[in-house]
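The values are calculated or read from the model by the stated rules, or taken from the named source; none is laboratory data. What you see is a predicted model; the values in this text were computed from it and never measured. Cβ coordinates were reconstructed from backbone atoms using ideal geometry, including for glycine residues, and neighbour counts include every protein chain displayed. For the accessible areas, the whole protein counts, side chains as well, though only heavy atoms, and no ligand, DNA or RNA atoms are used. Shrake-Rupley method; radii C 1.70, N 1.55, O 1.52, S 1.80 Å.
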Amino acid sequence: MRYLPHTDDERRAMLEAIGVGSVDDLFTDIPEEARLNGLLDLPGHATEMEVDARMRAFGAENLSPAAAPSFLGAGAYRHHVPSVVDHLIQRSEFLTAYTPYQPEISQGTLQALFEFQTQVAMITGMDVANASMYDGATSCAEAVLMACRVTRRKHAILSGNLHPHYRDVTRTTLQYTEFSVEETDVDPQGKTDIPEIGKDIACVVVQNPDFFGRIQDLTALAERCHEAGALLVVVVTEVVSLGAMMSPGEMGADIVVGEGQSIGVPLSFGGPYVGLLATRQKFVRQMPGRLCGETVDQEGKRGFVLTLSTREQHIRREKATSNICTNAGLCSLAFSIHMSLLGEAGFTKLAEINHAAAVAAAEEIDGIEGVSVLNDSFFNEFTVALPVPAEKVVSQLADQGILGGVPVSRLVPSQKDLENLLLVTVTETNSSDDVAKLVAALKEVI
Amino acid sequence: MLNNVGRQTRPEGAGGDTEMPETFTGNRALNLETPLIFEQGVPGRIGVDLPEPKKVKAKLGGLARKGRIGLPDLSEPQVLRHYVRLSRQNYSIDAGFYPLGSCTMKHNPRINEKAARMPGLGDIHPLQPESTVQGALALVYELAEWLKTITGMPAVAMSPAAGAHGELCGVMAMRAAHEARGEVRTRILVPESAHGTNPATAALCGYKVDSVPARADGRMDLEAFEAKLGPDVAGVMLTNPNTCGLFENDIRKIADLVHAAGGYFYCDGANFNAILGRTRPGDLGVDAMHINLHKTFSTPHGGGGPGSGPVVLSDALAPFAPVPYVVKDDNGYRLQEDVEGDAAQSFGRMKTFHGQMGMFIRALAYMLSHGADGLKQIAEDAVLNANYIRVGLKDVLHTPFDGVCMHEALFDDSTLKDTGVSTLDIAKAMIDEGYHPMTMYFPLVVHGAMLVEPTESETKETLDLFIGTMRHLVDKARTGNDPDFFKNAPRYSPRRRLDETGAARKPILRWAPEGTE
């Protein structure tokens, strides 16, 4: 077996050195009745060539968005990732390192994390960010828990126009704690209408652009939150939007969480992605997850370490701010490398390209008879009202090799009144030709 | 003259220039420094070429960004060089021995990386119509089948994103099962040697954590455990093999006792590598166990993630598994995405979309590569290697528990007593010798713990050299009368010891331009 170096002679010599007769003697602590004699009921080992073919066969059964005009979004977005990114994250020293607990020999990971934290803080308009979470939805749940700790209150209001998975994950995560959530109605037409913020509310959570793509000024909502002693948590599922839009920090957000997948991370059927979490300096000690900080070494040279670990589970155990241990290390590195390639000029231009392409596509789609675009504002994703159920249309488009968008009913199946709505995303990867094909196909199937 | 590992040999006491003079650049030959990315930007440079945007009237609702973000502008070769230089300041499993106990730093095969990037696997969107992702769903289904067979368990929840996330999944399923029976239980029993994530997870599920002491032989104290059981106990969270590297040989009794008390048995599967193909959690009475795909099944640690932590479940807990999951029926594969129908009792959703697909692909490639024979050999070689190290060091480092160990060998610091050299100092001296240190000061139940997990990937030569190095260091600590040698280690790493206290006292968590803050 190519990964296992020992020869039988070596195994025998080692057993002799240990002073046992056979390898079975090393497993005698396993209760006899639970020992497995013989092999598991699975195929034998395979050559690399066989594995390669097998995995390729799985891939061949899928329609790759690279091979089809694709307009899917709803929390995961297809963008061009520069070749440098994947090349660098496959360097052994990044790929096969552990969590940087030994800072003297982990400065590469640590400095990259420090730079990642800075980039995330900058684009969200916040003071500080952590070293990443599992994904956007788990970041959202952690932000609500954090807000409860900061305010010492127990309830959160989630906007109905927050991505349904984010609402589900937050509800699931909080269900056995002393904290609870209430959710406002899903409303593709209106502005998020947050009810009165009572004195027991720890935070209000809104997404911007929201699940239907609409952009809102949250400044007044932030003021209402702060007057009531609550925090405003802003969720961003498409981080490229931050290159074009006023940042959540400028609007008064207290915690910003997001899905960082759009920058540097492949779609990969939904994971692994990279959760972002940024906040104000004064809340740092209530943050979940790993944090990297600057310090100096014995010789006075600048260096970086994981810090404030007294918040974390390996020190605080049941009193930790979160049970999280792993972060999204390599995905945060990919994010950071892509963001470094973009820079100020590239990131803002990429956002501009996305927005312009989406505006142009929305105009064309809105021109189809019986079809209308609901949004008066959006970034690169908008909601299209069809005369028929969107799921059926999407299925018919798929038969023609077009990934035409995400039916709202896929994520909000319980609401029949939303079944004709289709979420359409247009990014820099979509050509005018792609859009023309989508428009033509929509005309045909409707 | 070179010794047998290529080092320059020098007579003891002959001196030599250990304090290297500073260079003008701060670089030292191949050891190249790089400033923060923010200190390298020049406006006007760019690392990507983008087309011109279409001319349209913006629809940003009047909320277009006005100010600068502050990101630095660099060319592609600058960015490449920055990260290449950074990478060279990292230790990695590819470069050397990484005996980090509890972390299973094994070889990460590259066919796995290749597969994760194949067309139709790495580039598909999670919300494509199911008819366009039948291969992806089949892959997840197949991995689930392998995991069920390997563990002897009837069900598996695939979506948890890491080990601790898997713990959360398992304990939530336990709580949901109790609530479905109308039972209110408030306590969870956790051995004192447990990973910190266990109590943190139990707390997040609303349970009080009740710590169970260890016996003198390093296993959980069965009598103390039994005495703590009661109608308010939701279950036990037990790592097996445990964090002392020992198999909990009373495990079947523990399972029977907790079941008799109406509780469930959560097994922390962090150390599953040790027992692959030798026993199955399903035969040990386990109700839920997470599997760290990034440990046992070789998906790369990536400097701290991403991980993946599928959770196998017993029949009792399976109905409460989180959504989504893949279902196979006459029409092919589909996703059960909502809490309804067959999933009506599901405790909810843990993650956006369906799970860590990129990790699933790698783990399945790894399993296919090994097959039933290779998986069993993994456990046998991992355990063989750990015991070889245990025996090779036990006359110079004290093993707190007698007898054979599983996949990791645990030592304490008693032979270093009165030398002025601590476990930490030994670890830092190991860095200069070209090793990543073992896990230190964990488990907490052992004084000055050193937990060494070699994994199955290492050759006998590597283990012999490691044993020789450790013997040399312990000998130096005990006879050298030179604690400063250790206190000043490491000397040859990109940075010397860092001021961690200072970092925590006045946290600097981001770069800021001169003159701000």
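Residue pairs whose Cβ atoms lie under 6 Å apart, sitting 6 or more positions apart in sequence or on different chains, and linking a residue in segment B:378-403 that is under 15 Å from B:Gly245 (Cα atoms) to a partner that is surrounded by 24 or more Cβ atoms within 10 Å (Cβ to Cβ) and polar (S, T, N, Q), are B:Ala382/B:Asn273; B:Ala382/B:Thr455. Give segment A:1-35 a look and list any residue that's at pLDDT 95 or above and among the aliphatic types (A, V, I, L, M), or say none. Listed by number, the residues that qualify are A:Leu4, A:Ala13, A:Met14, A:Leu15, A:Ala17, A:Ile18, A:Val20, A:Val23, A:Leu26, A:Ile30, A:Ala34.
Annotation: of all residues in segment B:341-368 being open to solvent by 10 Å² or more (accessible area, probe 1.4 Å) and more than 7 Å from chain A (Cβ to nearest Cβ), the one that is farthest from the chain's Cα centre (by Cα) is B:Gly341.
The set of residues in segment A:40-78 that are crowded, with 22+ Cβ neighbours inside 10 Å and either in contact with a Ser or Thr (Cβ under 7 Å, 6 or more places away or on another chain) or in contact (Cβ under 8 Å) with a residue 60 or more places away in the chain (or both) comprises A:Val51, A:Asn62, A:Leu63, A:Ser70, A:Phe71, A:Leu72, A:Gly73, A:Ala74, A:Gly75, A:Ala76, A:Tyr77, A:Arg78. So, B:Lys476, is that one at pLDDT 95 or above, open to solvent by less than 60 Å² (accessible area, probe 1.4 Å) and within 20 Å of B:Asp413 (Cβ to Cβ) or not? So B:Lys476 passes the test.
Any residue at all in segment B:486-494 that is among the aromatic types (Phe, Trp, Tyr), assigned to a helix (DSSP H, G or I) and open to solvent by 20 Å² or more (accessible area, probe 1.4 Å)?
Looking through segment B:486-494, none of the residues is among the aromatic types (Phe, Trp, Tyr), assigned to a helix (DSSP H, G or I) and open to solvent by 20 Å² or more (accessible area, probe 1.4 Å).
Of the listed requirements (1) part of a loop (DSSP other than H, G, I, E, B); (2) more than 26 Å from the chain's Cα centre (by Cα); (3) closer than 30 Å to A:Pro43 by Cα, B:Leu276 misses just one: (2).
In the set (1) out of contact with any strand residue (DSSP E or B) (no Cβ under 7 Å at 6 or more places or on another chain); (2) within 30 Å of A:His338 (Cα to Cα); (3) facing another protein chain (nearest Cβ under 7 Å); (4) not β-branched (Val, Ile, Thr), the condition left unmet by A:Ser83 is number (3). Restricting attention to segment B:97-124, which residues are of a type outside the set (Val, Ile, Thr) and at positive phi? The answer is B:Ser102, B:Gly120.
Filtered by the rule that a residue be of a type in the set (Val, Ile, Thr) and more than 7 Å from chain A (Cβ to nearest Cβ), segment B:493-515 gives a lone residue, B:Thr501. Every listed requirement among (1) open to solvent by 10 Å² or more (accessible area, probe 1.4 Å); (2) at the interface with chain A (Cβ under 9 Å from one of its Cβ atoms); (3) part of a helix (DSSP H, G or I) is met by B:Gly371 save one, (1).
The set of residues from segment B:392-408 being surrounded by 18 or more Cβ atoms within 10 Å (Cβ to Cβ) and within 11 Å of chain A (Cβ to nearest Cβ) comprises B:Gly392, B:Val404, B:Cys405, B:Met406, B:His407. Taken over segment A:351-393, the residue count meeting the criterion of being in contact with a helix residue (DSSP H, G or I) (Cβ under 9 Å, 6 or more places away or on another chain), of a type in the set (D, E, K, R) and not in a loop (DSSP other than H, G, I, E, B) is 5. Residues that are on the phi < 0 side of the Ramachandran plot, assigned to a loop (DSSP other than H, G, I, E, B) and surrounded by fewer than 24 Cβ atoms within 10 Å (Cβ to Cβ) within segment B:159-200 comprise B:Arg181, B:Glu183, B:Val184, B:Arg185, B:Thr186, B:Glu192, B:Gly196, listed in sequence order. When you scan segment B:414-460, how many residues do you find that are facing another protein chain (nearest Cβ under 9 Å), part of a helix (DSSP H, G or I) and touching an Asp or Glu at 6+ places or on another chain (Cβ under 8 Å)? Number of matching residues: 3.
Just to be sure, is A:Gln111 free of Cβ contacts under 8 Å to residues at least 24 places away in the same chain, open to solvent by 10 Å² or more (accessible area, probe 1.4 Å) and more than 19 Å from the chain's Cα centre (by Cα)? No.
If you check A:Glu369, A:Glu363, A:Glu391, which single one turns out to be over 27 Å from B:Arg334 (Cβ atoms) and touching a Lys or Arg at 6+ places or on another chain (Cβ under 9 Å)? Spell out how you get there, then give the answer.
On the way: A:Glu363 fails: touching a Lys or Arg at 6+ places or on another chain (Cβ under 9 Å); A:Glu391 fails: over 27 Å from B:Arg334 (Cβ atoms).
When all the criteria are applied, what remains is A:Glu369.
Evaluate segment A:310-321: report whether one residue or more is crowded, with 24+ Cβ neighbours inside 10 Å, touching a residue at least 24 places away in the same chain (Cβ under 8 Å) and more than 7 Å from every other protein chain (Cβ to nearest Cβ). No - not one qualifying residue is present in segment A:310-321. Kindly check whether there is at least one residue in segment A:26-33 that is surrounded by 21 or more Cβ atoms within 10 Å (Cβ to Cβ), of a type in the set (Phe, Trp, Tyr) and in a helix (DSSP H, G or I). Among the residues of segment A:26-33, not one is surrounded by 21 or more Cβ atoms within 10 Å (Cβ to Cβ), of a type in the set (Phe, Trp, Tyr) and in a helix (DSSP H, G or I), which makes the answer no. Of the residues making up segment B:201-233, those that are under 25 Å from A:Ile315 (Cβ atoms), open to solvent by less than 10 Å² (accessible area, probe 1.4 Å) and not β-branched (Val, Ile, Thr) are B:Ala202, B:Cys205, B:Gly218, B:Met220.
When A:Leu162, A:Leu145 are checked against the criterion of being surrounded by 24 or more Cβ atoms within 10 Å (Cβ to Cβ), under 22 Å from the mean Cα position of the chain (by Cα), in contact (Cβ under 8 Å) with a residue 12 or more places away in the chain and more than 7 Å from chain B (Cβ to nearest Cβ), a single residue qualifies: A:Leu162. Based on this model, can you work out whether B:Glu142 counts as assigned to a helix (DSSP H, G or I), open to solvent by 10 Å² or more (accessible area, probe 1.4 Å), within 30 Å of A:Leu411 (Cβ to Cβ) and in contact with a Leu (Cβ under 8 Å, 6 or more places away or on another chain)? Yes. Scanning segment A:404-420 for residues that are of a type in the set (A, V, I, L, M, F, W, C), touching a helix residue (DSSP H, G or I) at 6+ places or on another chain (Cβ under 6 Å) and not in a loop (DSSP other than H, G, I, E, B) yields A:Val408, A:Leu411, A:Leu418. Within segment A:184-235, being within 23 Å of the chain's Cα centre (by Cα) and under 21 Å from A:Phe283 (Cβ atoms) holds for A:Cys203, A:Val204, A:Val205, A:Val206, A:Gln207, A:Asn208, A:Leu218, A:Leu231, A:Leu232, A:Val233, A:Val234, A:Val235. If you filter segment A:293-309 down to residues that are touching a residue at least 40 places away in the same chain (Cβ under 8 Å) and more than 7 Å from every other protein chain (Cβ to nearest Cβ), you find that the one that is nearest to the chain's Cα centre (by Cα) is A:Leu306. Within segment B:1-44, take every residue that is of a type in the set (Asp, Glu) and under 29 Å from A:Thr109 (Cα atoms) and give me the one that is modelled with the lowest pLDDT. Filtering first and then ranking leaves B:Glu19.
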